[in-house]
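I have placed the structure first, in the form of structure tokens, so that the comments after it can refer back to it.
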Amino acid sequence: MPDQDVRLQHLKVWLDEQLSALYLNNGWGAVPPATLTSASSDASFRRYFRWEGEGRSFIVMDAPPPQENCKPFVDIAQLLRISEINVPEIFAQNLDRGFLLLNDLGNKTFLDVINDDNADELFDDAIEALLAFQQLPMTAPLPSYDVALLRRELELF
């Protein structure tokens, strides 16, 4: 990560403030020394970092406005959480700057861990999540996945 990455420098200052408050509010003691490494990226302007220190791990999202808008992510995460669907918990947010501090769901997928002993349990969990998703109210602020939206998504692909 280059020293000229001003956004990253601002993100680190914000993150230090948020972690201090989070640790204090949860009675975890002082914020330990930690590492901040690239966690993943996607086909957008967003970047994700993994903060790790003394057995705790968080994901930090950097979604620079005006290219990205975190508000839909926050709204949908709240909606899905209410429906008991496993989504990242948002510990801190600054939507104006495009910064989010999330819990770390890990980097293993079902495909990484599925075997004969756990396949039924994993599929049951996945089906329960799909059923919970289907029970969301029709008034939920989700875009209608119609032909026009599907076309736009395919054009991105």
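The values are calculated or read from the model by the stated rules, or taken from the named source; none is laboratory data. Because the structure is a prediction, the values reported are computed rather than measured. When we count neighbours, we look across all protein chains shown, and the Cβ atoms used for this are built from the backbone with ideal geometry, even at glycine. Ligands, DNA and RNA are stripped out before the accessible areas are found, and what is left, the full protein with its side chains, is counted by its heavy atoms. Shrake-Rupley method; radii C 1.70, N 1.55, O 1.52, S 1.80 Å.
Of all the criteria given as (1) open to solvent by less than 50 Å² (accessible area, probe 1.4 Å); (2) charged (D, E, K, R); (3) in contact (Cβ under 8 Å) with a residue 12 or more places away in the chain, the one not satisfied by ASP5 is (3). Filtering region 63-104 to residues that are closer than 20 Å to GLU128 by Cβ and open to solvent by 60 Å² or more (accessible area, probe 1.4 Å) leaves GLN78, ARG81, ILE82, GLU84, ASN86, GLU89. Candidates ALA132, ALA126: the one that is open to solvent by less than 90 Å² (accessible area, probe 1.4 Å), more than 30 Å from ASN26 (Cβ to Cβ) and within 20 Å of the chain's Cα centre (by Cα) is ALA126. Filtered by the rule that a residue be at pLDDT below 80, open to solvent by less than 100 Å² (accessible area, probe 1.4 Å) and of a type outside the set (S, T, N, Q), region 138-157 gives ALA140, PRO141, LEU142, PRO143. ASN118 meets the conditions (1) without any contact (Cβ under 8 Å) to a residue 12 or more places away in the chain; (2) touching a helix residue (DSSP H, G or I) at 6+ places or on another chain (Cβ under 6 Å); (3) open to solvent by less than 60 Å² (accessible area, probe 1.4 Å); (4) over 21 Å from TRP51 (Cβ atoms) in every case but one. The failed one is (2). When you check ASN107 against the structure, is it in contact (Cβ under 8 Å) with a residue 60 or more places away in the chain, exposed (fewer than 13 other Cβ atoms within 10 Å of the Cβ) and either of a type outside the set (S, T, N, Q) or part of a loop (DSSP other than H, G, I, E, B) (or both), yes or no? Judged against the criteria, ASN107 is a match. Looking only at region 76-92, which residues are among the acidic types (Asp, Glu) and either under 13 Å from PRO137 (Cβ atoms) or at pLDDT 90 or above (or both)? Matches in region 76-92: GLU89 only.
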